[in-house]
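Below is one structure, written out as C-alpha cells; comments come after it.
Coordinate-derived values only; no laboratory data. Computed from a predicted structure; not experimentally measured. Heads up, the Cβs are rebuilt from the backbone with ideal geometry, glycines too, and the neighbour counts pull from every protein chain shown.
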Amino acid sequence: MRDVAIIGAGSTKFGELWGASFRAIGIEAGARAMQDANLGGDEVDAIYIGNMSAGRFINQQHIDALIADYTGMATNHVPTTRVEAGGASGGVAFRQAVMAVASGLHDIVIVGGAEKMTDMDDDSINSVLNATSDAEWEAGMGLTLPSLYAIIAQRLMAEGIATREEIASCAVNSHFHGAMNPDAQFRKAVSLDTVLHAGPVAEPLTMFDCAPISDGSAAVILCPLEEAKKHTDNYVKVCSSMQASDTLALFQRESITHFNATRVAAQQAYQAAHITAADIDVAEVHDDYTVAGLMALQDLGFWKEGEAGRALLEGQTRFDAGKTAINTSGGLKAKGYPIGAAGLSQIVELTQQLTNRAGPRQVRNAKYGLAQSTGGTGSAVTVTVLEAM
Amino acid sequence: MAMVVAREWREIPGRYNLEGTRCGCCGKIFFPSRAFCPHCRRQSIGKMEPFPLKPTGEVYSFSIVHQSDGFNRRMLPYAVVFVKNDDSIMLAGQLVDVDLPTVKIGMRVRAVLRKLDEDGKAGIIHYAFKFVPAE
C-alpha cells in the first residue's frame, strides 16, 4: 500500500443556489480543486463522487455518467463511480478514492461530493432525509430523522450526560466559525437563547439544532504522497481513513447515547496513524443535529463522556481556544449540509487548515486534522486523519 | 408515494401483530424479524422461529414532533417513543390518546392497532401498531 496525499481542494459556496443546476454545482468544486493542484485535466485516472439522492432530489440516476460527461472526462473514458451511504456518502467516497490510490491502481484521482436539494419542495425533501433511517420501521411509523436525534437528546439529558443548554451550544460553536467562512450558508453568529427558543422541530430540538437544506459541492485531488511535491507545495498526507457500520435502525442498539460505529472507526484511524485523540488539533464532526456533534466529541475521544457539553458551552471548541478546534468551517449547521458534499467539505476545510490557508479562522500550528462523517443515526461512519507536511 | 399492496401485506405479522423472531440456537429475540441471528450467524439459518412480542412495556425515550411530512402532518404535534417492551425488546412508534405534556420516560404503555397512513383517496390504507398509555 502506498501513502496518499491531497494536492488540491475546492468547495462551492453552500446555500440555496437557485441559479445553479446539479450539473453546474457538481463540476464547480472539482474545477477549483484541479486549479488548486495545478492540473490540466488529462492527468486524471479516476473520479469518485459522493451523492445521496439525486434520484429523488432531481429525478436523475446514473450520476457517475453525468459527472464524467460534464467534467469533460467522458472523452477520456475516465472510470467514474458514485457512492451512496446516506449522510456519510462523501466520507465513504473519499475512503474509496484513498484506497484506489493506496492500492497502486490509480495515480491521480478526483473525489467530490455534490447535492442539489432545493429543486424539490420542503415536504418531499424531509421525506428523503427520513429515508436514511429505517424507512419501514422508523420513518414509516411516523418517526422523523430529527425526532430520532431528539430521542437521543432526551436520553442524554435523562442519564445526566449532557444538559439541553450544552446540546444547543454545539450550534453556537458552528455559527461562530461559519461567520468567518466565505463559503458558508449562514455567516452569522447566534446566541444560545436563539437556539433554545427557535421554533420546535422535534422536542427538545429546535430549528437551530438542525442543519439546513443546502445545495453545494466540495472536492479534493489525491495522488501518491511521493509524487505530491511535483504538483504543489500545499499538500497534506492522508494518515488513515476508516469506516464502520451499525444497525440501520437506532432502536436496535444496546445504547443510544453513543455511536459505536464512530468509536470503532476512530480507534482504527488513530491506530493506523500512530496517534491518539489528544494529538488532533482540528476536527470536523458531523453536526447534522447538535446532539450528533456533541456525541461525536465524546465518541472520538476528545472529551470524556459527560464533558463534551461543557467544553462546547464554554467555547473550548473554538479555533483559538488552544484545544481541539471543532468545526472551524462552520460545520454542517452553519456552512451548510448538501448531503453528499458534507464529507468532502470537511476534508477541504482540514486541507486549508493544515496548509495554513484558513484565513481568519486559522488554527495555529495545526499538525493533525480529523474528519468524522455519519449516515442516518450512526449506521455508517467514516473517520479520516490528515497530517500537515 | 404509493406502494403496491404486496409491500403492505407481507409485513402484516410484524406491523399488526408484533411478531418477531427468536433464534433457535441462543434464544435471543429480534424485532423486526430476521432471517438469521447476528450472534449465531450461519448456525442459526433455518432455526429462526416466529415469536409474538408482549404488547406492553415502558417508554425508554420520546420526542414531541412539530414538523413532519405527508400524512403525518394531520397529527401534529404528536409523540414518538422508543418502548422497552416486557420481553426487553426495543420498539419504535407513535404514542397516541395521550396528553402530550404527561409523556415521560418510564411511563407504562400498550401497543394497539391503528391507522398509520393512506395512499390518497383511492389507494390502500396502512395500519400498524401505535402505543397508548396503559394506566
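How do A:R95, A:R318 line up, fewest other C-beta atoms within 10 Å first? List each step's numbers first, then the result.
Numbers: A:R95 27, A:R318 20.
Ascending number of Cβ neighbours within 10 Å: A:R318, A:R95.
Do any trypsin sites (Lys or Arg not before Pro) in the stretch A:166-230 lie in a DSSP loop with no more than 12 other beta carbon atoms within 10 Å, and if so, which? Don't jump to the answer; show the numbers that get you there.
Details: sites: A:R187, A:K188, A:K229, A:K230; in loops: A:R187, A:K188.
Answer by residue number: A:K188.
Where both partners of a DSSP beta bridge lie in chain A, what percent of those bridges are antiparallel, to the nearest 5?
Working: 39 of 54 bridges.
Bridges in chain A that DSSP calls antiparallel: roughly 70 percent.
Tally Lys and Arg at +1 and Asp and Glu at -1 over the other residues with C-beta under 15 Å from the C-beta of A:A135: what net charge comes out? Numbers along the way, then the final one.
Working: positive: A:R56, B:R7, B:R10, B:R15; negative: A:E84, A:D134, A:E136, A:E138, B:E8, B:E11, B:D69, B:D117.
It works out to a net charge of -4.
Quick one: if the Förster radius is 25 Å, what FRET efficiency do A:E314 and B:E58 give, using the C-beta to C-beta distance and rounding to 0.05? The partial results should precede the final answer.
On the way: r = 36 Å, r/R0 = 1.43.
The pair A:E314/B:E58 has a calculated efficiency of 0.10.
Could you let me know the centre-to-centre spacing of the stretch B:91-117 and the stretch A:109-178, using Cα atoms, in angstrom?
Each part reduced to its Cα centre gives a spacing of 22 Å.
How well do other chains shield peptide B:72-82, expressed as the mean number of their Cβ atoms within 10 Å of each residue Cβ? Present the calculation step by step, with values, prior to reporting the outcome.
On the way: counts 6, 1, 0, 1, 0, 3, 2, 3, 10, 4, 10.
So the per-residue partner count for this stretch is 4.
Nearest-5 percent of antiparallel DSSP beta bridges in the stretch B:54-133?
Expressed as a percentage, antiparallel bridges in the stretch B:54-133 total about 95.
What average number of partner chain Cβ atoms lie no more than 10 Å from the Cβ of the residues making up A:145-158? Mind showing how you got there, number by number?
On the way: counts 0, 5, 12, 5, 1, 7, 8, 3, 2, 9, 5, 1, 2, 5.
So the per-residue partner count for this stretch is 5.
Using amide H atoms built 1.01 Å from N in the peptide plane, name the residues 5+ places from B:Y127, or on other chains, whose amide H lies under 5 Å from its own.
Counting only residues 5 or more places away or on other chains, the set is B:L116.
Under 10 Å, Cα contacts only: if you run a Gaussian network model on chain B, which one of B:A122, B:A111, B:A79 comes out with the highest mean-square fluctuation?
Comparing B:A122, B:A111, B:A79 in the GNM, the peak value goes to B:A122.
Modelled label-to-label distance, A:Q268 and B:C25, 7 Å Cα→beta-carbon offset: nm?
2.3
Just rank B:D119, A:D320, fewest to most, by other beta-carbon atoms within 10 angstrom. Walk me through the numbers on the way to the answer.
Numbers: B:D119 16, A:D320 11.
In order of increasing Cβ crowding within 10 Å: A:D320, B:D119.
Using 16 Å as the cut-off for backbone N distance, which residues of the stretch A:16-37 belong to the label zone defined by a point 7 Å from the Cα of A:M207 along Cα→Cβ?
So the set is A:16.
Listing A:D279, A:D122 from the residue with the fewest other Cβ atoms within 10 Å to the one with the most, what is the order? The partial results should precede the final answer.
Working: A:D279 15, A:D122 12.
Listed from fewest to most nearby Cβ atoms, that is A:D122, A:D279.
Does the stretch A:293-384 come out rounded, prolate or oblate, given a ≥ b ≥ c as the square roots of the eigenvalues of its C-alpha gyration tensor, rounded meaning a/c under 1.5 and, failing that, prolate meaning a/b above b/c?
On the way: a/c = 1.67, a/b = 1.06, b/c = 1.58.
Oblate, since a/c reaches 1.5 and b/c is not below a/b.
Calculate, in nm to one decimal, what A:L105 and A:W18 gain on full extension: separation in residues at 0.36 nm each, minus their alpha carbon distance.
Residue separation times 0.36 nm, minus the Cα-Cα distance, leaves 27.4 nm.
According to a simple spin-label model (label point 7 Å from Cα along Cα-to-Cβ), what is the distance in nm between B:R7 and B:R73?
Inter-label distance under the simple model: 2.0 nm.
Let me know the shape class of chain B, please: from the alpha-carbon gyration tensor, a ≥ b ≥ c as square roots of the eigenvalues, rounded when a/c is under 1.5, otherwise prolate if a/b is greater than b/c, or oblate. Don't skip to the answer; put the middle values down first.
Values: a/c = 2.48, a/b = 1.31, b/c = 1.89.
Cα axes put chain B in the oblate bin.
Using the Cα gyration tensor of the stretch A:171-246, with a ≥ b ≥ c the square roots of its eigenvalues, what is the shape: rounded (a/c below 1.5), prolate (a/b larger than b/c) or oblate (neither)?
Numbers: a/c = 3.26, a/b = 2.10, b/c = 1.55.
In terms of gyration-tensor shape, prolate.
Quick one: what Rg and Dmax do you get for the stretch B:54-133 from the alpha carbons, in Å?
Spelled out, the Cα radius of gyration and Dmax of the stretch B:54-133 are 13.0, 40 Å.
Taking each residue in A:216-222, count the Cβ atoms of any other chain within 10 Å of its Cβ, then average. What number comes out?
Numbers: counts 0, 0, 0, 0, 0, 0, 0.
Average neighbour count from other chains, rounded to a whole number: 0.
Filter the cross-link list B:K54/B:K130; A:K116/A:K333; A:K304/A:K367; B:K54/B:K104; A:K116/B:K115; A:K230/A:K367 down to pairs whose alpha-carbon distance in this structure exceeds 24 Å. Let's see the in-between values first.
Details: B:K54/B:K130 14 Å; A:K116/A:K333 17 Å; A:K304/A:K367 22 Å; B:K54/B:K104 21 Å; A:K116/B:K115 34 Å; A:K230/A:K367 22 Å.
Beyond 24 Å: A:K116/B:K115.
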